[in-house]
């Protein structure tokens, strides 16, 4: 049995009105996964890195630096697109089969490029420490009157 690992990537605007789908395994081919077509683009996925305190959850996507990728990458950073990466166990001879091993969802938080590569960083939408949905905004209706001076003491 052969183990072949590749990545499928979906980048979606915040409104969900537009998305890009890429895969990095079947060179020069279009692959199918869950009823969607993924065109080939050479890219790398770093996976998620978490430090010991659990507050650095970040993944990196690395693309070739060219005029085409720069155009949508700048828009992805500016508009904070959502990225979904599927780590797949794939059949090298069949573009329509594959088993999802892992899924990473994050928001494009930053990007950079040099002469040859373009990097997008995905931050998770979950709090790494508490595994909660993003924090709520504290308002007067939730917590009552807020102090108006810096002289606050806890008992």
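Output the number of the condition that residue 120 fails; it satisfies all remaining conditions of (1) out of contact with any helix residue (DSSP H, G or I) (no Cβ under 8 Å at 6 or more places or on another chain); (2) at pLDDT 65 or above; (3) within 21 Å of residue 24 (Cβ to Cβ).
Of (1) out of contact with any helix residue (DSSP H, G or I) (no Cβ under 8 Å at 6 or more places or on another chain); (2) at pLDDT 65 or above; (3) within 21 Å of residue 24 (Cβ to Cβ), only one is false for residue 120: (1).
Given the conditions (1) at pLDDT 85 or above; (2) surrounded by 14 or more Cβ atoms within 10 Å (Cβ to Cβ), and given that residue 93 satisfies all but one, which numbered condition is not satisfied?
(2)
Yes/no matrix, rows are residues, columns are (1) under 18 Å from residue 123 (Cβ atoms); (2) surrounded by 14 or more Cβ atoms within 10 Å (Cβ to Cβ):
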{"residue": "29", "(1), (2)": "no, no"}
{"residue": "37", "(1), (2)": "no, no"}
{"residue": "77", "(1), (2)": "yes, yes"}
{"residue": "83", "(1), (2)": "yes, yes"}
{"residue": "98", "(1), (2)": "no, yes"}
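Has segment 2-24 got at least one residue that is more than 19 Å from residue 104 (Cα to Cα), more than 14 Å from the chain's Cα centre (by Cα) and at pLDDT 90 or above? Don't jump to the end; show me each part of the working.
Residues of segment 2-24 that are more than 19 Å from residue 104 (Cα to Cα), as a first pass: 2-3, 15, 17-18.
This time we only want the ones that are more than 14 Å from the chain's Cα centre (by Cα), so: 2-3, 15, 17-18.
Within this subset, residues satisfying the condition of being at pLDDT 90 or above are none.
Among the residues of segment 2-24, not one is more than 19 Å from residue 104 (Cα to Cα), more than 14 Å from the chain's Cα centre (by Cα) and at pLDDT 90 or above, which makes the answer no.
If I ask for residues that are assigned to a strand (DSSP E or B), more than 18 Å from the chain's Cα centre (by Cα) and farther than 22 Å from residue 64 by Cα, which ones from segment 25-35 would you list? Quick ask: steps written out before the conclusion?
Taking segment 25-35 and keeping what is assigned to a strand (DSSP E or B), we get 31-33.
Next, from what is left, pick out any that are more than 18 Å from the chain's Cα centre (by Cα): 31-32.
Answer for segment 25-35, where residues must be assigned to a strand (DSSP E or B), more than 18 Å from the chain's Cα centre (by Cα) and farther than 22 Å from residue 64 by Cα: just 32.
Only residues in segment 3-20 that are under 10 Å from residue 83 (Cα atoms) count as the first member; pair them with residues that are surrounded by fewer than 16 Cβ atoms within 10 Å (Cβ to Cβ) and at pLDDT below 90, Cβ under 6 angstrom, at least 6 apart or cross-chain, and list the lot.
What qualifies is 10/19; 12/19.
Here is a list of conditions, (1) at pLDDT 90 or above; (2) under 22 Å from residue 30 (Cβ atoms), and residue 68 meets all of them except one; can you say which number that is?
For residue 68, the failing item is (1).
Would you mind telling me which numbered condition in (1) within 26 Å of residue 26 (Cα to Cα); (2) in contact (Cβ under 8 Å) with a residue 12 or more places away in the chain; (3) assigned to a helix (DSSP H, G or I) residue 77 fails?
Result: residue 77 fails condition (1) only.
For residue 48, all conditions in the list (1) part of a helix (DSSP H, G or I); (2) at pLDDT below 90; (3) within 14 Å of the chain's Cα centre (by Cα) hold save one; what is the number of the exception?
(1)
The values are calculated or read from the model by the stated rules, or taken from the named source; none is laboratory data. Treat the numbers as computed from the prediction; the structure is a model and nothing was measured. Every residue, glycine as well, gets a Cβ built from its backbone with ideal geometry; the counts of neighbours run over all protein chains shown.
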